[in-house]
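Right, one structure below, let's go through it.
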Amino acid sequence: MNKLLLLVIFSASFWASASPESTQLALALKQLDGVKTSLERARSSASTDPQSRYFFDYLQAQQDISAVEQGIHRYLSPSRAQPRAVQPLSASYQREHPDD
């Protein structure tokens with residue numbers, strides 16, 4: 001009986017700790033905010049020496065992060081299709097033969 005109780009408790013704690021996808025994606029959005037903050041700090045302290053052979057493209061990195069964020073937001077809150085305009089019905093389904 002004790003083994004069964006331990007198994008139930010373990011299973012419940014396992015499933016309680018497992019987060020649904022939307023929670024994980026919301027966490028990813030928060031982490032991306034942190035990445036953007038870190039990139040901004042790095043950009044402000046970056047060397048602006050024009051003779052440098054290589055430089056980090058902060059603008060492109062920010063654009064890519066924004067694209068990922070937008071994709072997650074669209075996935076989490078998909079836009080719903082708008083209802084189509086209702087076409088009136090003719091209400092008359094009787095036709096006469098053209099020969100008459």
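The values are calculated or read from the model by the stated rules, or taken from the named source; none is laboratory data. What you see is a predicted model; the values in this text were computed from it and never measured. Neighbour counts are summed over all protein chains in view; Cβ atoms, including those assigned to glycine, are modelled from backbone coordinates with ideal geometry. When the accessible area is computed, the model is the full protein with side chains, heavy atoms only, and any ligands, DNA or RNA have been set aside. Shrake-Rupley method; radii C 1.70, N 1.55, O 1.52, S 1.80 Å.
Evaluate segment 53-66: report whether one residue or more is modelled with pLDDT under 90, part of a loop (DSSP other than H, G, I, E, B) and in contact with a Leu (Cβ under 9 Å, 6 or more places away or on another chain). Scanning segment 53-66 turns up at least one residue that is modelled with pLDDT under 90, part of a loop (DSSP other than H, G, I, E, B) and in contact with a Leu (Cβ under 9 Å, 6 or more places away or on another chain). Within segment 40-51, residues that are closer than 18 Å to Q63 by Cβ have Cβ atoms under 7 Å from residues that are part of a loop (DSSP other than H, G, I, E, B) and among the aromatic types (F, W, Y) in these pairs: A46/F56, counting only partners at least 6 apart in sequence or on another chain.
Identify the residue in segment 48-69 that is hydroxyl-bearing (S, T, Y) and open to solvent by less than 80 Å² (accessible area, probe 1.4 Å) and, among all such residues, is nearest to L32 (Cα to Cα).
S66
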